[in-house]
Amino acid sequence: MPTILTHAVVPLMLGGALGRRVISRRLLAAGAVAAMLPDADVLAFKFHVAYADSFGHRGATHSMMFALLLAVAAALWHRRLNTTPWRAAGFVGLAALSHPLLDACTNGGLGVALWWPFSDARWFAAFRPIAVSPIGARFFSERGWHVLQSEFCWVWLPTAIIAAGIVAWRWTSKRT
């Protein structure tokens, strides 16, 4: 998995690039939380739930169904997020979906249960350039540093380029 901070980078950069008139601060925060939330499944280890179980790491919380549930919750709470129901659902749902899609692009682990509850099969993307992050304190190691470098190249930099393109588009559309 990419680090928890890298999962938040995608909605933070893209939502920030869209601007506060499109993505409110509360919606931006909700998107960041939604992008990180699937990794709460690591708590299952404390309850002796096996990694490969449907409710183990990269299981149900890494599915399109989980992203859809978060999108519905955001739509229901859209007033608290200072936005419309559709915008809340879209932004939070896509932020949540970005998590398993990034995890599927890592070079380790068991894959993600993207199609849960319809299938327990774990899935990987065909292109897997992101170094998998160690879980827990091992993150603060040479391997952890390697993971951060990988994430910078394969997630942070491309997201920043897309965000810069959005900002440039917004800027030029205001001028015309």
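The values are calculated or read from the model by the stated rules, or taken from the named source; none is laboratory data. On a predicted model such as this, the values are computed, not experimentally measured, just so you know. All Cβ positions, even for glycine, are placed from backbone atoms using ideal geometry, and neighbour counts span all protein chains on display.
Given the options Ala121, Ala137, Ala164, name the one that is farther than 21 Å from Ala52 by Cβ, of a type in the set (Gly, Ala, Ser) and either at pLDDT 95 or above or surrounded by 14 or more Cβ atoms within 10 Å (Cβ to Cβ) (or both). Spell out how you get there, then give the answer.
Numbers: Ala121 fails: farther than 21 Å from Ala52 by Cβ; Ala137 fails: either at pLDDT 95 or above or surrounded by 14 or more Cβ atoms within 10 Å (Cβ to Cβ) (or both).
Answer to the check: Ala164.
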| query | Would you pick out the residues in segment 17-53 that are more than 15 Å from Ala96 (Cβ to Cβ), of a type in the set (D, E, K, R) and without any contact (Cβ under 8 Å) to a residue 24 or more places away in the chain? | reply | Arg20, Arg21, Lys46, Asp53
| Is it the case that segment 54-67 has a residue that's without any contact (Cβ under 8 Å) to a residue 40 or more places away in the chain and basic (Lys, Arg)? | no
| message | Please verify whether His78 is of a type outside the set (Lys, Arg), without any contact (Cβ under 8 Å) to a residue 12 or more places away in the chain and closer than 20 Å to Ala35 by Cβ, treating the condition exactly as stated. | response | yes
| Just a yes or no: is a residue in segment 79-95 closer than 20 Å to Ser133 by Cα and either among the hydroxyl-bearing types (Ser, Thr, Tyr) or outside any loop (DSSP other than H, G, I, E, B) (or both)? | yes
